[in-house]
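To start, the structure under review is shown below, and the notes come after it.
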């Protein structure tokens, strides 16, 4: 690397030796130069170096005489490249012939190295200096070696130096000298300083593995094919076919059967759709169940307890089928309702009365014809507390949930989702819905039903096309009528409705039982006022029901152990019965105005006939196996002399009433037995008048 | 004349009666057997005059369907002894005068 400018060389090697001006430095640099570049360009150094060695002559050197040595041979060095071709011809289109090209590139490049030196007066050097913030006087020209400033502080070890270029080794020394003399100068790093490091990792051990599969099994087959063999084979086959044809003719029926059987099998295996055999399997299930429970079916139809004749008045209940569904085992029966059209079908609403054990619920339909498995199953996300089947359209089922929703299921529709369901937007109750009841269709022939809830609202729901439209009928309040005081002036405390019933004849009249034990007689038309309030019970009214025959009489029951019978025109009860346990439900019989049944939490069914005994039940019978089981609901079948009772373990038990419990008034001899509702009304009226007379007389 | 007429009739009868494919020997599973048989019938009917083309067609289709390597022999008279992979052999007659042997051995 020829360096023409001493000035630059010095400045690089010294690094930061201050140099005032290009003119003044010449002395200094020349002296320094001698130190550094001894042996390179001074003659003394060369002599000293050559003295120590004897000249060796190559053996094949030409021996020349003195004269020959003295003769001068002139050689001229030219700039021509001896390797450059001289006979290049190119085709000239102009002259249409090949022409030698006169100009040949004579330059040959043997080595190129970009220098890292800068002239200190050059623009780039100035820019660098400005960048580093150094004063112009300190003519430090540093090119691209800044990153190497972190060079190890310890002097380079000889081993390291050994790997360096000789010139670099020399460079280092003056550098260290300079640092000794002038310690303030920052150390100039040198770009040739490097060290080699290497390491070797452990190689993973190699392992060979191989396996061989067994070749597929082979076998050898040999045969000969020629015309006569082929002919024989065909002839044989034809003979066989003929024989089989004869056989077929002999037993065609059997074969046909086989084929049809096979076809059946095929169709069964081909279609995994179980729907095809759905109906058949249903019939089968019923047949099997009726065979198994044949004795129960016989009892249901024909058994009359003969011992009743000797018991005078009292009657018994004969347990028939027990209905239970495995998936609803943990739930308690919260609602029962017979289908009015199909008298063997009834609906069971499953939920939970326990506040802390709320979960999902289930709506199931059982038929008396199949006690083993429900006809319909609708799982619900919230527990069911009440339900009602529409009287005319028996496929419509209104359901009230613990979460305050009401829904309508359509048994005709496929799927387990209700066809209508109230949401938070569409007037859902904020508390459990305790009772729902279908009403006659409104003037636009829309189906509608009512619901009552603990949030104190009685709401009418109308099924319009595909939505449920709600109308608040009444808001129950504690202190009498809601209309007391101006609206909004005081927040009337809410009374929680727990049950209601609509009058059988007078369309607008209905009763609402509340959690406080009061029963309010209300009208659909007056939303702000009660027609009457009865101080009925000391605890929540569990059920309130109008008599099926007598238009004035209704019954109520409560957890305060009592069942009371009322004349709605008088606000004291006509009858009061203490059943010695919380009464879950009460129901009037559909065949007599004076018969009703009640269930209590101790697992007993109480059946009363006021016509026979005004003071005591004519039948008190525990009907559950375990003592802890509580009975929750009871319903009379509208036609057959049976009742169904539900308990808190999810069981529904059907019971047959013995003849004494459905006794008609004895007819006098020769007289025709009077029948019809008038008789029933008269019977009740007679009883009531007996009670009324003394009362009125006392008043 | 009558004799020859009868002979002709018999021949026609024979052709008519013996046109169906008749499996002489096979160890293929049901599904494969049916497919192979149908293929052979199709090929022999397509190349009724050229047994080589029929054999080629059968071989190529079988290679495609069931993997290589299949071998097919079609002819009116031949004898053979072959080594085949188990469950991959079909030896059948067809059309009254043709014998077809299809086997796999790779």
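The values are calculated or read from the model by the stated rules, or taken from the named source; none is laboratory data. Nothing here was measured: the structure is a model prediction, and the numbers come from that model. Note that we place each Cβ from the backbone using ideal geometry, even for glycine, and neighbour counts take in every protein chain shown.
Would you list the strands (runs of 3 or more DSSP E) that sit entirely within the range A:568-624 and hold 1 or more residues that are under 15 Å from residue A:661 (Cβ atoms) and in contact with a helix residue (DSSP H, G or I) (Cβ under 8 Å, 6 or more places away or on another chain)? Quick ask: steps written out before the conclusion?
Details: elements: A:575-578, A:583-588, A:595-600, A:604-609, A:619-622.
Here the list reads A:595-600, A:604-609, A:619-622.
Taken as a whole, the condition of being within 14 Å of another protein chain (Cβ to nearest Cβ), loosely packed, with under 12 Cβ neighbours inside 10 Å and modelled with pLDDT under 90 does not apply to residue B:6.
The range A:329-383 holds strands (runs of 3 or more DSSP E) entirely within its bounds, and those carrying 3 or more residues that are within 29 Å of the chain's Cα centre (by Cα) map to A:345-351, A:361-367, A:376-380. Exactly one residue out of A:254, A:243, A:247 is within 30 Å of residue B:18 (Cα to Cα), part of a helix (DSSP H, G or I) and modelled with pLDDT of 90 or more, and it is A:243. Only one of the numbered conditions (1) loosely packed, with under 10 Cβ neighbours inside 10 Å; (2) at pLDDT 85 or above; (3) more than 14 Å from chain B (Cβ to nearest Cβ); (4) within 30 Å of residue B:90 (Cβ to Cβ) is violated by residue A:269, and that is (2).
For the range B:24-37, check the following and say yes or no: at least one residue is surrounded by fewer than 18 Cβ atoms within 10 Å (Cβ to Cβ), over 15 Å from the mean Cα position of the chain (by Cα) and part of a helix (DSSP H, G or I). Among the residues of the range B:24-37, at least one is surrounded by fewer than 18 Cβ atoms within 10 Å (Cβ to Cβ), over 15 Å from the mean Cα position of the chain (by Cα) and part of a helix (DSSP H, G or I), which makes the answer yes.
Among the residues of this structure, residue A:525 does not count as one that is at pLDDT 85 or above and over 19 Å from residue A:387 (Cα atoms). Within the range A:229-236, not a single residue is at the interface with chain B (Cβ under 7 Å from one of its Cβ atoms), in a loop (DSSP other than H, G, I, E, B) and out of contact with any helix residue (DSSP H, G or I) (no Cβ under 8 Å at 6 or more places or on another chain).
Would you be able to say whether some residue in the range A:88-98 is at pLDDT 55 or above, closer than 27 Å to residue A:194 by Cβ and not in a helix (DSSP H, G or I)? No - not one qualifying residue is present in the range A:88-98. Collect the residues in the range B:45-96 that are within 16 Å of residue B:23 (Cβ to Cβ), free of Cβ contacts under 8 Å to residues at least 40 places away in the same chain and within 12 Å of chain A (Cβ to nearest Cβ), keeping them in residue-number order. Correct list: B:73, B:74, B:84.
Give the range B:25-44 a look and list any residue that's over 21 Å from residue B:95 (Cβ atoms) and touching a residue at least 60 places away in the same chain (Cβ under 8 Å), or say none. Listed by number, the list holds a single entry, B:27.
Let's see how each residue does on (1) at pLDDT 85 or above; (2) over 44 Å from the mean Cα position of the chain (by Cα):
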{"residue": "A:549", "(1), (2)": "yes, yes"}
{"residue": "A:554", "(1), (2)": "yes, yes"}
{"residue": "A:583", "(1), (2)": "yes, no"}
{"residue": "A:590", "(1), (2)": "yes, yes"}
{"residue": "A:629", "(1), (2)": "no, no"}
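A single entry from A:296, A:259 fulfils the requirement of being more than 14 Å from chain B (Cβ to nearest Cβ), surrounded by 10 or more Cβ atoms within 10 Å (Cβ to Cβ) and at pLDDT 55 or above: A:296. Inside the range A:384-439, residues that are part of a strand (DSSP E or B), free of Cβ contacts under 8 Å to residues at least 40 places away in the same chain and surrounded by 19 or more Cβ atoms within 10 Å (Cβ to Cβ) make up a count of 1.
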